[in-house]
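Note sheet for the following structure.
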Amino acid sequence: MGDTQFSDIDSYINTLFAPTDPMLEAALEASNGAGLPAIHVSAGQGKLLYLLARIAGARRILEIGTLGGYSSIWLARALPSDGRLISLEVDSHHADVARANLERAGFGERAEIVVGAALESLKRMAAAGETPFDLVFIDADKQTYPHYLEWALRLTRPGGLILADNVIRGGEVLDATSEDAGLRGIRAFNAALAEDPRLEAIVLQQVGVKGHDGLAIARVREA
Ligand code: SAH
Ligand code: DHB
Ligand code: MG
């Protein structure tokens, strides 16, 4: 089966299970209009994030890498009305677009975008004794994924979930000799996720409208 067929079938699945709606459409239009790159998750991937958050009963969600807030909207939709989403973004233009998109989608109160290098924000949150999260979604700069995992572990409650996008990268992840910093980060992240005794994890290979990539799914063990 070729890439076209995978993409067609993904479209078929998305049409059935993650049909677009005015809020998501408006968020993507505003993001495109503001010149943001179209590297957001697909509708189906967003639905999967939403479902994982619902299954986990998540009330507090941390996202690392906001862009225009497309995945943030999917995650925020999984929250109860008194739930909280905090999303970390280094680019203030991206953050402005995301804030407007979240506001339009009705999540102005529930969602907060924190501008700054995510590693610094994570350190600050941990030092300030931030209440642990039920779910952390990692989707920012790939070379820093191993560090994001360490901080995510400190900030996730036992039994909570740590998810990460883009962990297969069209199969480039097989190249142990790559000197690409992002790819090395992803390889180190996957290895750490597999080995860490505090976690039980799997990587879900994904093919479709966003090409070939993968989502890591990990559960933090109770002590
Ligand atoms: N989660 C989004 C896509 C995120 S794209 C969605 O699916 O809709 C990755 C984002 O991470 C970009 O907006 C980029 O600006 C941001 N980013 C890159 N390096 C970062 C860093 N060091 N700290 C915080 N955000 C970063
Ligand atoms: C890139 C980042 C992403 O989060 C993604 O889903 C796809 C691509 C990137 O930086 O190239
Ligand atoms: Mg991504």
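Just so you know, all these numbers are worked out from the coordinates, no wet-lab data involved. All figures in this text were calculated on a predicted structure; none of them were measured in a lab. A quick note on method: Cβ atoms are made from the backbone with ideal geometry, for glycine too, and the neighbour counts reach across all protein chains shown.
Of the listed requirements (1) within 14 Å of ligand 2 (Cβ to nearest atom); (2) without any contact (Cβ under 8 Å) to a residue 60 or more places away in the chain; (3) among the acidic types (Asp, Glu), Glu63 misses just one: (2). Every condition in (1) of a type in the set (D, E, K, R); (2) within 16 Å of ligand 1 (Cβ to nearest atom); (3) surrounded by 14 or more Cβ atoms within 10 Å (Cβ to Cβ); (4) over 15 Å from the mean Cα position of the chain (by Cα) is met by Arg124 except one, and the failing one is (3). Based on what the data block shows, is Thr131 more than 18 Å from the chain's Cα centre (by Cα), in contact (Cβ under 8 Å) with a residue 60 or more places away in the chain and more than 16 Å from ligand 1 (Cβ to nearest atom)? Spelling it out, Thr131 is indeed more than 18 Å from the chain's Cα centre (by Cα), in contact (Cβ under 8 Å) with a residue 60 or more places away in the chain and more than 16 Å from ligand 1 (Cβ to nearest atom). Considering only residues in segment 20-46 that are in a loop (DSSP other than H, G, I, E, B) and hydroxyl-bearing (Ser, Thr, Tyr), the one that is nearest to the chain's Cα centre (by Cα) turns out to be Ser42.
Give the residue that is nearest to ligand 3 (Cβ to nearest atom), with candidates limited to residues of segment 153-169 that are under 12 Å from the mean Cα position of the chain (by Cα) and outside any strand (DSSP E or B).
Narrowing segment 153-169 to residues under 12 Å from the mean Cα position of the chain (by Cα): 161-167.
Cutting the leftovers down to outside any strand (DSSP E or B) gives us 166-167.
Working: Asn166: 4, Val167: 9 Å.
Only one residue tops the list, namely Asn166.
Of the residues Ala201, Ala181, Ala216, which single one is within 14 Å of ligand 2 (Cβ to nearest atom) and within 18 Å of the chain's Cα centre (by Cα)? Just one listed residue meets the conditions, Ala216. On the stretch given as segment 100-121, residues that are in a helix (DSSP H, G or I), buried (at least 22 other Cβ atoms within 10 Å of the Cβ) and more than 9 Å from ligand 1 (Cβ to nearest atom) total 2. Tell me which residues, restricted to segment 32-60, are among the small types (Gly, Ala, Ser) and within 16 Å of ligand 2 (Cβ to nearest atom). Once the filter is applied, which keeps residues that are among the small types (Gly, Ala, Ser) and within 16 Å of ligand 2 (Cβ to nearest atom), segment 32-60 yields Gly35, Ala38, Ser42, Ala43, Gly44, Gly46. For segment 127-139, the candidate set comprises residues that are over 21 Å from Arg77 (Cα atoms) and in a loop (DSSP other than H, G, I, E, B); within that set, the residue that is nearest to ligand 2 (Cβ to nearest atom) is Glu130. The set of residues from segment 137-192 being among the basic types (Lys, Arg) and more than 26 Å from Leu85 (Cα to Cα) comprises Arg169, Arg184, Arg187. Of all residues in segment 49-60, those satisfying the criterion of being away from ligand 1 (no atom under 12 Å from the Cβ), of a type in the set (A, V, I, L, M, F, W, C) and not in a loop (DSSP other than H, G, I, E, B) are Leu51, Leu52, Ala53, Ile55, Ala56. For Arg124, the conditions (1) part of a helix (DSSP H, G or I); (2) over 24 Å from Pro146 (Cβ atoms); (3) free of Cβ contacts under 8 Å to residues at least 12 places away in the same chain; (4) not polar (S, T, N, Q) are fulfilled apart from (2). A Cβ distance below 6 Å, combined with a sequence gap of six or more or placement on separate chains, defines the contacts here; from segment 159-183, residues that are farther than 15 Å from Ile202 by Cα reach no residue that is among the polar types (S, T, N, Q) and away from ligand 2 (no atom under 11 Å from the Cβ).
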